[in-house]
Structures are given as structure tokens and as C-alpha cells.
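The values are calculated or read from the model by the stated rules, or taken from the named source; none is laboratory data. Bear in mind that the values here come from a model prediction, so they are computed numbers and not experimental data. Heads up, the Cβs are rebuilt from the backbone with ideal geometry, glycines too, and the neighbour counts pull from every protein chain shown. SASA here: full protein model, heavy atoms, side chains in, ligands and nucleic acids out. Shrake-Rupley method; radii C 1.70, N 1.55, O 1.52, S 1.80 Å.
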Amino acid sequence: MNKTKLYSLLLSALLLGSCNDDFLERAPLDEISNETFWQTEDQLVLAVNALYANVKAYNTVSMENMGDNTLWPSSTAYQLIGSGNYGNDLATLNNEYTSQYAGVRQANAFLENYQKANVNPARKEALAAEVRVIRALMYSYLVNFWGDVPLVTKTLTLEEVFVPRTPKEEVLDFVLADLDLAAQHLDPAIPTGANLGRMNKGAALALKARIALYHGRYDVAEKAAKDVMDLGVYQLFTSGNPDRNYYDLFTYKGKLATNNNKETIIARLTIDLLGYYHNLSREIQVPDQVVRWNPTKSLVDSYLMKDGLPIETSPLYNVTKYEDVFENRDPRMTQTILKPGAAWGGRLDGRPANQNPDPSIFMVPKFTSDGRGAVTVTGYYFTKYAEISTVGSVSRDYNDIHLLRYAEVLLTYAEARLEQGKLTQADLDITINLLRDRVGMKRMDLAELAANGLDVREEIRRERRVELALEGQRYFDIKRWKQGHLLAEDTKGTNVNWLSNPASASNLRRDPQGFIIALSGRTFDPAKHYLWPIPLSQLERFPGLGQNPGWDR
């Protein structure tokens with residue numbers, strides 16, 4: 001029986017559990033019900049396995065389009081949200097709301113029933129702890145999107161379903177306490193074999209660190225991050241090739257199943273043998289259409305030069321042609337954004353077909369669609385997450401989707417220490433400088449930052465941006481840092497004057513300096529856009545939810 005069928009059966013069982021009609025009080029003999037289901041370890045495991053379907057997969061990468069790192073050129077919902085051009089009737093708002101609460105309901109059903117099983121108590125509590133981590137993940141998105149949300153901790157009958165919103169801080173208190181409880185019952189070891197990808201102690205603590213950081217509880221974030229570090233089980237991934245360590249993490253070489261990845265803490269596994277695939281690699285370098293993820297000028301410009309200085313101040317930055325953009329940069333740039341001369345799966349690039357002897361090598365961006373090569377609207381392409389061997393196939397990609405990595409834990413610790421006024425050089429050496437060492441980048445030095453007039457907070461935020469690009473975190477970072485104005489800026493791309501054939505981009509708008517304007521008309525109202533509006537369909541069902549500030553007009 002496959003996972004989808006199991007999930008459907010379980011969901012049916014849980015839905016039955018909320019009915020009170022007399023004729024349902026007898027346990028049915030021919031289907032799963034609460035009276036017959038919660039008895040064995042296998043049944044508990046089945047219930048937990050079904051809950052893992054709620055953990056975001058490809059969708060977490062899609063959410064990157066709400067920020068300023070990348071542009072999906074068509075009017076997708078996430079692009080509209082990032083542009084500020086949406087209302088409470090946008091279907092994606094309700095989809096996110098209902099999907100997170102569907103996961104919460106499944107988790108609540110488990111936690112109400114798991115003690116019935118005749119199973120070793122420690123094993124039961126470990127399974128319940130996995131459920132608590134997944135429920136906390138659901139609530140983390142709900143609070144990030146809407147602030148105050150209904151805190152539901154039990155399955156509800158039809159009479160109880162309309163629950164008013166709970167203040168955000170109370171929801172956070174509950175979630176953080178639940179993660180503490182989960183951590184007490186979870187094994188710190190990285191799951192392997194049949195348990196690959198399951199939540200463990202590190203997942204509970206790392207998620208606690210992320211949630212606390214997002215909401216300004218820096219002391220809590222610092223301790224949780226340090227607790228993960230002190231487990232001694234995680235380390236940054238290396239593939240054996242210093243020039244590809246970072247890039248390889250997001251390809252098949254970085255899959256948890258290789259047992260070589262001790263960095264990824266929470267992931268959505270994609271398993272080839274079971275036919276679980278996605279389409280991410282193809283959409284990043286789609287060889288016959290416009291690519292779905294177009295890196296922005298803003299992201300490209302954020303990478304430091306190899307001397308540790310920004311492009312605005314480094315003497316190494318001297319760009320007169322397209323390929324110069326990639327020279328002497330933080331190595332993570334060319335392991336994230338495609339560099340001329342690199343292998344790709346996009347077929348014919350922007351060179352005339354008769355001047356392109358090897359279509360497997362990228363040299364020049366392509367701006368006009370002819371069905372024979374990957375087209376960009378910014379002049380840039382991603383290489384991160386692109387497994388070249390499957391770019392040419394539709395929905396046959398099985399990279400793991402990395403939701404939370406040890407790298408993020410290190411970044412969280414550094415930022416939390418900074419925001420409390422406690423950051424030292426020793427802190428940088430056990431966090432950010434480990435990330436830089438992995439790729440051979442110049443180390444961050446507090447004394448050098450001061451000597452060069454660089455702001456420590458800005459540089460730590462920059463580090464988070466470049467390390468976690470295309471991992472769905474940028475939009476949430478912009479909001480928590482109160483930098484919403486960045487979302488109101490035009491989305492720009494490369495400078496057409498740097499191209500060997502500027503006429504090839506004649507179909508695109510550009511600013512007076514020659515930079516491509518890939519998207520304009522963006523807006524951000526700080527009085528409303530830091531939170532999403534309560535979805536219209538939810539308000540129609542229960543007006544008592546109320547609306548977030550600025551969205552009631």
C-alpha cells in the first residue's frame with residue numbers, strides 16, 4: 001500500500017473520530033476507526049508517517065519568490081505576495097491556512113490517542129515527540145504569515161470549530177515549550193536506514209532556535225542553537241571537492257541516503273526507487289522555456305569579493321563585461337549562480353546556434369525564447385539545486401529538499417549573540433567562519449570590519465542571505481528585520497552594456513544605467529504587509545477571527 005493510500009485511510013479515520021451521532025458509536029468492522037486503530041506500534045508509526053506529508057517540500061523553495069533573491073516571471077501567487085499586489089481573496093492564502101491546520105489536526109488526533117497503544121512507553125513518547133516537532137513547524141508558518149492565530153491543541157467537533165485567534169506570544173510560548181518536551185524524548189543521533197529523514201532531538205532544538213530568532217527571543221535562540229552545536233553529531237557537508245562542496249550539497253551527492261550528509265537537520269526526502277519526484281532542477285534551467293527562478297541583481301550584488309569587501313568598496317570589483325561579474329567573488333556565488341564556462345542543462349544559450357559547439361556549457365545568457373534553450377529575464381541563472389543529469393527530464397528529479405541545515409543553526413547562534421551585544425571573534429570562528437572555510441572564503445574578522453567601516457549586523461545578515469539563498473528564508477528575514485522597503489524596489493538584472501551583444505536583450509526594459517528592469521510596480525505598505533490578511537473564505541465562515549491591520553479596507 002503506498003503512502004497516499006495510507007494517508008487517505010488515516011485521514012478518514014481521524015475525521016470519523018469527531019462525529020458524535022449515535023449510529024456511529026459502534027466501532028465499524030470493515031474500516032479504520034479510533035476504536036480499532038490506536039492499538040499497536042505499527043499503527044502509531046503509520047499515523048506519524050502520514051503526518052510527515054505535511055512537511056513542506058518543493059513549496060519551501062517556491063516561497064523564495066516572495067523575497068528579492070529571485071523572480072518567477074509569470075504572475076504566480078508568491079510573486080504577487082512579494083510584490084504587495086494581492087488581497088485576502090488570493091487562493092494561496094487560504095491554501096496555506098487550511099493546509100497548516102490540516103497538519104495541526106492530524107497531530108492533535110495522534111496526541112489524543114497514542115497512549116491507548118500497548119507499546120513501550122519510551123517508544124510511544126518518541127513518536128509523540130516527532131509529532132510535536134511537525135506540529136510546531138505548522139504553527140511556525142501560521143504565526144509568520146498571520147501573527148495572532150487560533151491555538152488549537154485538540155481535535156474539534158463541528159460545534160467547536162470556530163476558534164478565535166490567540167495572541168502570537170502565547171502561541172510561541174506553547175510551541176517553544178512543546179519543542180522542549182519533544183527534545184527530551186528524541187534521540188540525538190542522526191536517523192539512518194528505515195528512519196532516514198525522521199525528526200530527532202536536533203530537529204526539535206534547531207526548529208526552536210529558528211522560531212525564537214524569528215520572533216526576537218534572542219536568548220532562547222542562542223541557547224537552542226548552542227544546544228544543537230553541543231550535541232556533537234552535526235557537521236558541515238563536504239563532497240571531497242573544495243570547489244563544489246556547497247553546490248554538491250543540493251545535488252544527488254548531498255542526499256541524506258548517501259550517509260555522507262551530516263548537515264541537513266530537517267529535509268523532505270525524495271526517493272527514486274519509490275517514484276517520489278519533483279521538477280526543481282528542470283525549472284531552474286528549463287531547456288526550452290523561460291526559467292522559473294531568475295536570480296536578481298540584488299542577490300548577485302550581495303556577494304562579497306574574495307577580499308571580504310562589498311562590491312561598492314572592493315578594488316577587485318571592475319566589471320566591463322558580463323563574465324567579470326563572477327570574478328574574485330565569494331565562491332558560494334558561482335556555486336549558486338551559473339558562471340560562464342560552467343556545465344548546465346539549459347541547451348543552447350544566447351550565442352548563435354552555429355557558434356555554440358558545446359550546448360552543455362553555458363557562456364552567454366539567452367533572452368528570446370525559441371524552444372531550444374533556457375531563457376532568463378534577468379540575465380542570470382541559478383545552478384544551486386540544479387542536478388544537471390535530470391534537467392532534461394520532466395518531473396524526474398529526486399534531490400532532497402533541505403528545510404533546515406546545521407549552517408542555519410550556526411548563523412542563528414551568531415545573530416542571536418550579536419543582537420544581545422555578546423558577539424565575539426570566538427563566536428564568529430565557531431559559526432560564520434566555518435561556513436567560509438568550507439568554500440575557501442576569507443574569514444570574517446571583527447577588527448577588519450571596523451577598520452573598513454562595515455556594519456557587523458549588516459554583514460551577518462549578508463552572510464545569512466548568501467548561505468541560505470533559494471532555501472525559502474529570505475522573505476521571512478526581510479520581514480523580521482523590518483526591511484519591507486526592499487520588496488517595493490524594482491526587480492533588476494544584469495547590465496545589457498556588459499553583454500557581448502547588447503541587442504540580444506533589446507526586448508527587455510532597462511534603467512538609465514543599462515540594468516534590466518525585470519519587474520516593476522512592486523509596493524510595500526508597512527502598515528499592512530508585514531502580515532498577511534486573514535483569508536476571505538475563513539472570514540466568511542467565522543467573522544470573529546477579525547482582520548489584520550490595514551487589510552479591512
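Would you work out what percent of the accessible area of segment 29-117, with all protein chains in place, is carbon or sulfur (probe 1.4 Å)?
On the way: 1600 of 3110 Å².
For segment 29-117, the apolar C and S fraction of the accessible surface comes to 51 percent.
Alpha carbon centre of segment 273-337 versus segment 387-435: separation in Å?
17
Calculate for the chain the 222 nm mean residue ellipticity that helices alone would give, adding -39,500 (n - 2.57) per DSSP H run of length 4 or more and normalising by residue count, nearest 500 deg cm²/dmol.
On the way: 21 runs with 214 residues, N = 553.
The per-residue figure over the chain is -11500 deg cm²/dmol.
Give the percent of DSSP beta bridges with both residues in the chain that are antiparallel, rounded to the nearest 5.
Details: 16 of 17 bridges.
The antiparallel fraction comes to roughly 95 percent.
For q values of 0.05 Å⁻¹, compute log₁₀ I(q)/I(0) with the Debye formula on a Cα-only model of the chain, without solvent.
Each listed q maps to, in turn, -0.21.
State the percent of C-alpha pairs, over all pairs in segment 377-416, separated by a distance greater than 16 angstrom.
Of all Cα-Cα pairs in segment 377-416, 59 percent lie more than 16 Å apart.
Go through 121-131, 158-168 and give me the packing order, highest mean Cβ count within 10 Å leading. Working shown, then result.
On the way: 121-131: 18.5, 158-168: 13.1.
So the order, starting with the most tightly packed, is 121-131, 158-168.
Per residue, how much accessible area does segment 106-147 have with a 1.4 Å probe, in Å²?
26
Arrange the residues E283, E35 by how much accessible surface each exposes, largest first, with a 1.4 angstrom probe. Don't skip to the end; give the middle numbers.
Numbers: E283 30, E35 105 Å².
My answer, sorted largest first, is E35, E283.
Can you order the peptides 507-515, 253-261 by their average number of other Cβ atoms within 10 Å per residue, highest first? Can you show the working numbers first?
On the way: 507-515: 13.3, 253-261: 18.3.
For the peptides 507-515, 253-261, the packing ranking is 253-261, 507-515.
Could you run the Karplus curve 6.51 cos²θ - 1.76 cosθ + 1.60 with θ = phi - 60° over segment 458-472 and give me ³J(HN,Hα) per residue in whole Hz, x for Gly and Pro?
3J(HN,Hα) across segment 458-472, in whole Hz: 4, 6, 5, 5, 4, 4, 5, 4, 6, 5, 9, 4, 6, 10, x.
For segment 461-525, what does the relative contact order come out to in percent, with C-alpha contacts under 8 Å and a separation of six or more?
On the way: 58 pairs, mean separation 22.3, N = 65.
About 34 percent, as a whole number.
Might you tell me the accessible area per residue for segment 232-367, computed with a 1.4 Å probe and given in Å²? Show your work: numbers first, answer last.
Details: 5380 Å² over 136 residues.
Per-residue accessible area for segment 232-367 comes out at 40 Å².
Got a number for the accessible area of Y380? Probe 1.4 Å, square angstrom, nearest 10.
10
What percent do you get for the relative contact order of the chain when only Cα pairs under 8 Å and 6+ apart count?
Numbers: 970 pairs, mean separation 101.8, N = 553.
So the answer I get is 18 percent.
So what J values fall out for segment 114-126 if you push phi through Karplus, 6.51 cos²θ - 1.76 cosθ + 1.60 with θ = phi - 60°, rounded to Hz, Gly and Pro as x?
Whole-Hz 3J(HN,Hα) from phi for segment 114-126: 5, 5, 5, 6, 8, 9, 3, x, 5, 5, 4, 5, 5.
Counting Lys and Arg as +1 and Asp and Glu as -1, each charge on the Cβ, what is the dipole of the chain about the Cα centre in debye, to the nearest 20?
On the way: 62 positive and 68 negative charges, 194 e Å.
So the dipole magnitude of the chain works out to roughly 940 debye.
Using amide H atoms built 1.01 Å from N in the peptide plane, name the residues 5+ places from A267, or on other chains, whose amide H lies under 5 Å from its own.
Amide H neighbours of A267: L403.
Determine the order of T494, T313, T523 by accessible area, beginning with the largest, at a probe radius of 1.4 Å. Could you put the intermediate results ahead of the total?
Working: T494 0, T313 85, T523 55 Å².
Descending accessible area places them as T313, T523, T494.
Quick check on my link table: of K56/K208; K306/K492; K253/K366; K339/K366, which ones sit more than 19 Å apart, alpha carbon to alpha carbon?
Details: K56/K208 17 Å; K306/K492 24 Å; K253/K366 29 Å; K339/K366 14 Å.
Correct reply: K306/K492; K253/K366.
When the solvent-accessible surface of protein heavy atoms is calculated with a 1.4 angstrom probe, in what order do H529, H485 fall, highest first? Kindly include the intermediate steps, with their values, before the conclusion.
Numbers: H529 15, H485 110 Å².
Result of the area sort, largest leading: H485, H529.
Over what distance in Å are the Cα centres of segment 511-545 and segment 68-100 separated?
Cα centres, segment 511-545 to segment 68-100: 8 Å.
Accessible surface of W146 in the full protein assembly, 1.4 angstrom probe, to the nearest 10 Å²?
Accessible area, nearest 10 Å²: 0 Å².
Extension gain S500-V45, at 0.36 nm per residue separation less the Cα-Cα distance, in nm? Mind showing how you got there, number by number?
On the way: separation 455, 0.36 × 455 = 163.80 nm, distance 5.87 nm.
Extra length from S500 to V45 when fully extended: 157.9 nm.
Give me the lysines in straight-line cross-link reach of K482: C-alpha distance below 19 Å, same-chain residues under 8 apart excluded.
Leaving aside lysines fewer than 8 places away in the same chain, those within reach of K482 are K168, K528.
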